[in-house]
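Worksheet: the structure to be examined is printed underneath.
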Amino acid sequence: MTGRHRRSRVKDKQWITPHIVRITIDCGTDYRHTGTDSHVALYFYPPEARVPSEFAAANLSALHTFASPQVRRYTVQRYDSSHGTVDLDFVVHEPAGLASAWARDAVIGAELLWWGPTEAWHLPEQAQTLILIADETGLPAVASILRELAEGIKAYVIALVDDRSDESYLTPSLSVTGAGTRVTWIRRGPASGEPPAEFLRTLDGLADLLSGEPADTIALWSGTEFAEAGAVRRALLGSGGQLDKANTNVTSYWIHGQAQDARPDARNRRRNLDNRARYPDEATVHINPQSSSPVSCQSADETHW
Ligand SMILES: Cc1cc2nc3c(=O)[nH]c(=O)nc-3n(C[C@H](O)[C@H](O)[C@H](O)COP(=O)(O)OP(=O)(O)OC[C@H]3O[C@@H](n4cnc5c(N)ncnc54)[C@H](O)[C@@H]3O)c2cc1C
């Protein structure tokens, strides 16, 4: 396990497409990049929580008895070892949630508490064909996988977007992959929580296309909304599908109509107030996009989250 708790500042902010914003944060010199789809857990504490000034595992386990953070997961789109920074690309959906609103409003110098990175998925060595299926939230991982794709591997990308203006997100990654990469863009249409018919047809077509290839040379990575992940599993891994489960990674990245974890309920609010008594001398840490005082990244003990 390579991840650690970290306290960072926003170093740069760039709108990559109309709905995807890149936030660059410092990650310190002890950050160990784990690969193409590694991700991090962002911690959002209730405003009344008093977070220990040393954001360390030992301190946090005591804190979490009283105040639980809301956690949101984001892909490390790029690690820059020369500057000690990581890029996180946030889809700014409407209505926005906790993390997307934070990213939309974040200013240079804003503070972020997080844990990471996780271990990443690695392309199986024998893979000759790679299927990548993503909606906007999976595109950062797809971009990082394409950037590091070995020559000679065929890649089929199926990408779902709400708005065609976000298709340009993949242009830089596609410019470095060979002619062996094919991308099919699918427009979702009005949000319904149901996979679009065109997506289901495309998956069936893909299953037919792959049926002639040896299963152990095909790898599948997918990061989409929950119902779409179900459709991917049914089409490519279910009774009709031919792929070898050992070479696949299908993840549900979000659920239509559901926040990534529960909002603080009355019991959690009670715990947060109790926490004031427990850490009376600690600075209160807010996730404050307006903050601009520069601090460098601080990491804490290795732990599980
Ligand atoms: C391993 C992993 C890696 C991920 N990497 C990324 C990444 O790199 N970039 C990224 O943007 N997301 C990524 N996600 C998805 C992201 O964590 C979720 O979209 C998360 O719910 C966003 O948090 P929020 O606070 O903005 O919204 P929440 O508070 O969780 O949700 C509020 C509302 O918004 C809806 N919602 C959530 N996401 C979307 C969306 N994309 N489009 C429309 N409605 C939505 C929910 O259904 C809910 O109704 C990743 C998820 C996982 C599990």
- Within segment 45-72, of all residues that are crowded, with 19+ Cβ neighbours inside 10 Å and touching a strand residue (DSSP E or B) at 6+ places or on another chain (Cβ under 6 Å), the one nearest to Cys27 (Cα to Cα) is Phe55
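Can we say Glu111 is closer than 29 Å to Val10 by Cβ, assigned by TED's automatic domain parsing to the domain that holds Ala49 and open to solvent by less than 50 Å² (accessible area, probe 1.4 Å)? Steps first, answer last, please.
Values: closer than 29 Å to Val10 by Cβ: yes; assigned by TED's automatic domain parsing to the domain that holds Ala49: yes; open to solvent by less than 50 Å² (accessible area, probe 1.4 Å): yes.
Yes.
Regarding Leu170, is this residue away from the ligand (no atom under 16 Å from the Cβ) and of a type outside the set (S, T, N, Q)?
The answer is no for Leu170.
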- Message: For segment 174-198, give me each residue that is within 15 Å of the ligand (Cβ to nearest atom) and at pLDDT below 85.
- Response: Gly189, Pro190, Ala191, Ser192, Gly193
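Do you know which residues across segment 1-12 are surrounded by fewer than 18 Cβ atoms within 10 Å (Cβ to Cβ) and not in a loop (DSSP other than H, G, I, E, B)? Walk me through how you get there before you give the answer.
Going residue by residue through segment 1-12, those that are surrounded by fewer than 18 Cβ atoms within 10 Å (Cβ to Cβ) are 1-2, 12.
Asp12 - this is the single residue of segment 1-12 that is surrounded by fewer than 18 Cβ atoms within 10 Å (Cβ to Cβ) and not in a loop (DSSP other than H, G, I, E, B).
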- Having 1 or more residues that are among the hydroxyl-bearing types (Ser, Thr, Tyr) is the bar; report the strands (runs of 3 or more DSSP E) wholly within segment 46-120 that clear it. 70-80, 85-91
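Just checking, which of His286, His256 is at pLDDT 50 or above and open to solvent by 50 Å² or more (accessible area, probe 1.4 Å)? If you could, list the steps in order and put the result at the bottom.
Values: His286 fails: at pLDDT 50 or above.
After applying the criteria, what remains is His256.
Looking at segment 204-230 only, could you name the residues that are of a type in the set (A, V, I, L, M) and either closer than 13 Å to Leu132 by Cβ or exposed (fewer than 14 other Cβ atoms within 10 Å of the Cβ) (or both)?
To start, the set of residues in segment 204-230 that are of a type in the set (A, V, I, L, M) comprises 206-207, 209-210, 215, 218-220, 227, 229.
Listed by number, the residues that qualify are Leu206, Leu209, Ile218, Ala219, Leu220.
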- Note on the structure: Those residues of segment 18-32 that are within 16 Å of the ligand (Cβ to nearest atom), crowded, with 17+ Cβ neighbours inside 10 Å and not charged (D, E, K, R) come to a total of 7
- Message: Report every pair of residues separated by at least 6 positions or lying on different chains whose Cβ atoms are under 7 Å apart, first residue within segment 77-93 and over 20 Å from Asp30 (Cβ atoms), second part of a loop (DSSP other than H, G, I, E, B) and open to solvent by 10 Å² or more (accessible area, probe 1.4 Å).
- Response: Val91/His19; Val92/His19
- Those residues of segment 97-126 which are within 10 Å of the ligand (Cβ to nearest atom) and at pLDDT 95 or above amount to Gly97, Leu98, Ala99, Ser100, Ala101, Trp102, Ala103, Arg104
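Please specify each residue of segment 147-203 satisfying the condition of being of a type in the set (Lys, Arg) and open to solvent by less than 50 Å² (accessible area, probe 1.4 Å). Even if it seems obvious, please write down each step before you answer.
Start the filter on segment 147-203 by keeping residues that are of a type in the set (Lys, Arg), which leaves 147, 154, 164, 182, 187-188, 201.
Scanning segment 147-203 gives a single hit, Arg188.
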- If a residue has to be away from the ligand (no atom under 16 Å from the Cβ) and of a type outside the set (A, V, I, L, M, F, W, C) to count, how many in segment 48-80 make the cut? 10
- If you check Ala143 against the conditions, is it within 12 Å of the ligand (Cβ to nearest atom), over 24 Å from Glu194 (Cα atoms) and surrounded by 22 or more Cβ atoms within 10 Å (Cβ to Cβ)? yes
- Message: So Thr129 ticks every box in (1) within 16 Å of the ligand (Cβ to nearest atom); (2) touching a residue at least 24 places away in the same chain (Cβ under 8 Å); (3) buried (at least 17 other Cβ atoms within 10 Å of the Cβ) but one. Which box is left unticked?
- Response: (1)
- Lone unmet requirement of (1) more than 16 Å from the ligand (Cβ to nearest atom); (2) buried (at least 16 other Cβ atoms within 10 Å of the Cβ) for His83: (2)
- Note on the structure: Here the residues within segment 13-45 that are over 26 Å from Glu119 (Cβ atoms) and in a loop (DSSP other than H, G, I, E, B) are Pro18, His19
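The values are calculated or read from the model by the stated rules, or taken from the named source; none is laboratory data. Because the structure is a prediction, the values reported are computed rather than measured. In this analysis, Cβ positions are derived from the backbone assuming ideal geometry, glycine residues included, and neighbour counts consider all displayed protein chains. Note: areas computed on protein heavy atoms with side chains; ligands, DNA, RNA excluded. Shrake-Rupley method; radii C 1.70, N 1.55, O 1.52, S 1.80 Å.
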